[in-house]
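One structure is given below, encoded as structure tokens.
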Amino acid sequence: MNESYAPPLLEVVGPTSGALLRRRIFTHKGLLIGSTLLAIVLLMALLAPLIAPHDPYAQDLTQRMIPPLWYENGTWAHVLGTDNLGRDYLSRVIYGARISLLIGLAVMVISGLIGAALGLAAGYFGGRTDMVVTFFITIRLAMPVILVALAVVAMVGGSLWVVVLVLGLLKWDRFAVVMRAATQQVRSLDYVTAAAATGASTPRIIVAEVLPNVLPQLIVVASVEAASAILLEAALSFLGLGVQPPLPSWGLMIAEAKAYMFFSFWLIAIPGTALALLVLAINMVGDGIRDVSAPSGRG
Amino acid sequence: MLAFATKRFGLALLVAVTVSALAFLLLRASGDVAIALAGEGARAEDIENIRRIYGLDRPLLVQYFDWLWKMAHGDFGESLYFKTEVWPLVMEKLPTTMLLAVFSLTFALAVSIPLGILAAVYPNSWIDRLCLALAVVGQAMPNFFFALILIMVLAVSLHWLPVSGSESWAHFVMPTITLGYYIAPVFMRLVRAGMIEVLASDYVRTARAKGLSQTSIILKHALRNALVPIVALSAVQLGLLLGGSVVIETIFALDGAGFLAYQSITHKDLPVTQALLTLLSILYVGLILIADIANAWLDPRIRVG
Amino acid sequence: MAPLLSVSGLTVDLATPRGTLHAVRDISFDINAGETLCLVGESGCGKSMTALALMGLLPNSATRRARHLAFEGGDLANVTPRKLASLRGNRMAMIFQEPMTALNPAYTIGDQLIEVHRRHKGSTYAAARERAIELLEKVGITPAGERLGQFPHQLSGGLRQRVMIAMALMCGPTLLIADEPTTALDVTIQAQTLRLLIDIQRDLGVAILLITHDLGVVARVAQRVAVMYAGEIVESATAASLFRKPRHPYTRGLMASIPIPGRTPPGERLGSIPGIVPSLIGEVRGCAFRDRCAFAFAPCAETVPWRVDNEHGWRCTLPEVPAEAAA
């Protein structure tokens, strides 16, 4: 027959918010590609001992500087070639993923905990605590991160854990800012003050309210900081003041290959591309989460 | 307006002093300076000698105020590695870094502002997607990797530019591009977001209702309001460029403060390292101050009445 | 005399994630030179969309169709965007509801007034400035010279709206479209602003299309009225005729729900219209008001005829709706 109207009562017909979220996630190309890439790198790192064809530290000076497969003298024994000490490049790249991921994760966790704690305290207590924390943040922002990291590593000596610690202790500022803003917002909500008036336990309420609200923002900040930490470690190692040889840090690999750059550019290109892809994946995931959790903000 | 500026200035000063103290503390605390200075295989008495000569056996607070006092008088001590006075040494290298920072910022803005505008005027079009893709890739590429690629392509293969050094303008081209591309994405996104928001505003609707040309609407009415946060961000980024040029200057052997920092750090040259950290922090704080003031000044609501 | 603006069969469709929204459905009206037509209706009835459609300011997701659209004797339906832009602010001008955000905060009043004159008339800065002063004085803003150098945030809401009116008149348009110009203003300022519009019409002979939801405004200003509901014009008449004898049940319902000083007896209960506006997404057939109408019956679900009685037109299946039934 013919259609007429929608029934007199306004019905909210449509998918539930859960289904809506799932739809948004699965149609966001960036998020899907990024997560897949990230998953691949993660698997690569976890399964390294199983999938790496050679020992990344095994030197063989008779097999030096073999180019990757697609070059003239390439060989299947060393798909990505070997470096100046005859170590299999593919294996080093695979193990290098472990280092980068470890750095990214550890720095993210350490700086995240510090920043979130400071931000929460500042937002919750307000007043003097807030002033002090804000002052700390300003101080931290005034310090050139890479120079401070370089200086500390130079004094203490370079190693994976030193790098993790230094970066973790430096990169908490964005977490603090986000957490502080979110806590302040929640704190000023009417029902929180009302609950406090009736004697309900306000810290628990705040934590229960703040966390779900701030989680998407925190994830985005976490992804930014993780990516940044990975790039910083690569830069530090590149300058010789980060992870020490013979660890297969991708930044270190680039440094070691720099001397041979003009004739064997692939020695630099391969770890460089690996770094770029990993950071790209992390950024895409972070951006995707931001888009998916705040669709109205999409341009 | 004046009260605002004065308050900010006071805060900036406090921050600068605190950072200098931190820098001082950090360097002394991260390891025994005397041992570091003496080097490997030094004998105990050598280390003691060094401690005495450099006054490292005094209480930390005394050392700090001594340094602070001297610094206030422009005496930063003598470089352990270069064997000359610190202040003239730093002042000699700083202009190069500042030049590089300004060039890089200009390059980044020259690229990002037009792209950001285009992306905002044609949202979700192929232009928009291309700009966003460029931004995403730009942020993912490690800058030292990009620098090496540039060297291979522009200097080695095409022989268009010199590989390293800092004698001529040509030497600044690749470092500028390397630093510039890295900060451009942030600006591009900001311009795009700002323009999109402004283009949807009531006053732009009024401008359209007045029948003004598309150019006038975008460039005169929209951009003027969308660019306000860009000014502040520029100041901040300039500060970051000053501090973060270490890697790039080292790769290109550009003789600036960043390269000096690298050299002094690797040679454990404490006076120079300390001076650089302090100076760069002060510059950075100053730039943030300028950014705050610029923000306030650009908003006529604060400036007038 | 041919009407200044002639609209026939105007339709505006909006693409939304849930389907096509038929915001304006086949409406027709005329405005003669120098007269005020009020377009009345509640929020969402499509009146603002109509104004935007006329000016060519619809969002990209909207499509506009019309059987016939003529302004000042020229076709308005198939013009290029460029031609339309040359008409906007020049021959036909529009002012909006929210004066607080309608002016660019970064430029002075003078700058914004002058630019529209220079754009359309190619005048010199001095000539445009003179015109700006002339108009500021006309809208009652003195000292005009001083105000030119001020920024929008230095003016109150009422003053800003006057500036908007002056800005609209800079190039001497023949049609002024005012979209709820007084809704966001204080009550006393509302009266002043309406007074101003009446004066301007009398002095400059500008035709005004005034969009409002407020019958009080209509009573003060309108010569002719068109009542809109759910994207359609349901009644159209002179103001006098409309108030004397509203024909459409919706109009009747509106009149019954507001107190009219001097007419509504004290102590009488105000009416209200039960139900809500239907959704306009997807196919829409028959009378849009039937779910809320006390007199609806089967034929109301089919095409509804447009009735006319002595230049008073309305859209209803019933030729005569009985006086208010006990509701």
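Tabulated data
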read-out: Neighbour net charge for B:Leu115 - beta-carbon separation under 14 angstrom, K R +1, D E -1; value: +2
read-out: Theoretical ellipticity at 222 nm over chain A - DSSP helices of four or more residues, -39500 (n - 2.57) apiece, nearest 500; value: -23000 deg cm²/dmol
read-out: Using a Förster distance of 45 Å, the FRET efficiency for B:Ala72-C:Ser156 (Cβ separation, nearest 0.05); value: 0.30
read-out: Kirkwood hydrodynamic radius of chain A, Cα pairs, Å; value: 22.2
read-out: Cα-based helix-to-principal-axis angle, C:125-138 vs chain C, degrees rounded to 10; value: 50
read-out: Shielding by partners - mean other protein chain Cβ count within 10 Å, residues of C:104-113; value: 5
read-out: Kirkwood Rh and Cα Rg combined as Rg/Rh, the stretch C:102-170; value: 0.92
read-out: Sorted peptide list for C:173-179, B:219-225, criterion being average Cβ within 10 angstrom, highest first; value: C:173-179, B:219-225
read-out: C:Glu320-B:Asp46 pseudo-label distance in nm [points 7 Å out on the Cα-to-Cβ vector]; value: 12.1
read-out: Crossing angle, helix A:173-187 versus chain A [Cα axis fit, 0-90 degrees, rounded to tens]; value: 10
read-out: Set of aspartates and glutamates with alpha-carbon distance to B:Lys220 below 13 Å, sequence-local pairs under 8 removed; value: C:Asp111, C:Glu115
read-out: Packing-based ranking, highest mean first, of B:102-112, C:134-144, C:68-78 given that Cβ atoms within 10 Å are counted; value: B:102-112, C:134-144, C:68-78
read-out: Label-point separation, B:Val17 to C:Ala33 (7 Å along Cα→Cβ), nm; value: 7.8
read-out: For the stretch C:133-242, convex hull volume per residue from C-alpha positions, Å³; value: 115
read-out: Alpha carbon convex hull of the stretch A:31-86, projected area averaged over orientations, nm²; value: 4.9
read-out: Burial ordering of B:Tyr81, A:Tyr95, fewest other beta-carbon atoms within 10 Å first; value: B:Tyr81, A:Tyr95
read-out: Amide H contacts under 5 Å for C:Ile208, placed H, 5+ residues apart; value: C:Glu35, C:Thr36, C:Leu37, C:Leu176
read-out: Span-rule helices in chain B, defined as complete DSSP H runs reaching 27 Å or more along the axis (Cα) with Kyte mean at least 1.0; value: B:2-29, B:86-121, B:170-199, B:270-298
read-out: Kirkwood hydrodynamic radius of the protein assembly as shown, from inverse mean 1/r over distinct Cα pairs, in Å; value: 33.1
read-out: Under the Debye formula (equal points on every Cα, no solvent term), log10 I(q)/I(0) of the stretch B:212-305 at q = 0.21 Å⁻¹; value: -0.98
read-out: Farthest positive-ward along the protein assembly as shown dipole, Cα basis, beta-carbon charges - from A:Leu42, B:Ser112, C:Pro249; value: C:Pro249
read-out: Two-site label geometry, B:Gln214 and B:Trp169: point separation in nm, points 7 Å out along Cα→Cβ; value: 3.5
read-out: Footprinting exposure proxy for A:Asp190, C:Asp291 (fewest neighbouring C-beta atoms within 10 Å first); value: A:Asp190, C:Asp291
read-out: Net charge of neighbours whose Cβ lies under 12 Å from the Cβ of A:Pro245, counting Lys and Arg as +1 and Asp and Glu as -1; value: 0
read-out: Paired Rg and Dmax values of chain C, which use every Cα atom, in angstrom; value: 20.8, 66
read-out: C-alpha long axis of helix A:160-170 to longest principal axis of chain A, angle in °; value: 30
read-out: 14 Å beta-carbon shell around C:Arg82, net charge (K/R +1, D/E -1); value: +4
read-out: Computed [θ] at 222 nm, deg cm²/dmol, chain B (DSSP H ≥ 4; -39,500 (n - 2.57); rounded to nearest 500); value: -24000 deg cm²/dmol
read-out: Estimated [θ] at 222 nm from DSSP helical runs (n ≥ 4, -39500 (n - 2.57)) normalised by residues in chain C, nearest 500; value: -9000 deg cm²/dmol
read-out: Fluctuation leader among B:Leu14, B:Leu270, B:Leu287 - chain B, Gaussian network, Cα springs under 10 angstrom; value: B:Leu14
read-out: Set of lysines near B:Lys93 by C-alpha distance (under 17 Å), chain-local residues within fewer than 8 positions excluded; value: B:Lys83
read-out: The stretch B:208-290, relative contact order in percent, only Cα pairs under 8 angstrom and at least six apart counted; value: 31
read-out: Partner chain coverage, peptide B:131-141 - average Cβ within 10 angstrom; value: 4
read-out: Hydrodynamic radius of the stretch C:171-327 per Kirkwood, over alpha carbon pairs, in Å; value: 17.5
read-out: Ranking of B:Trp67, C:Trp314, A:Trp70 by count of other Cβ atoms within 10 Å, fewest first; value: A:Trp70, B:Trp67, C:Trp314
read-out: Shielding by partners - mean other protein chain Cβ count within 10 Å, residues of B:246-258; value: 2
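Bear in mind that the values in this text are calculations on the coordinates, not laboratory data. Here the structure is a predicted model, which means the values were calculated and not measured. Because the Cβ atoms are built from the backbone with ideal geometry, glycine has one as well, and the counts that use them run over all protein chains shown.
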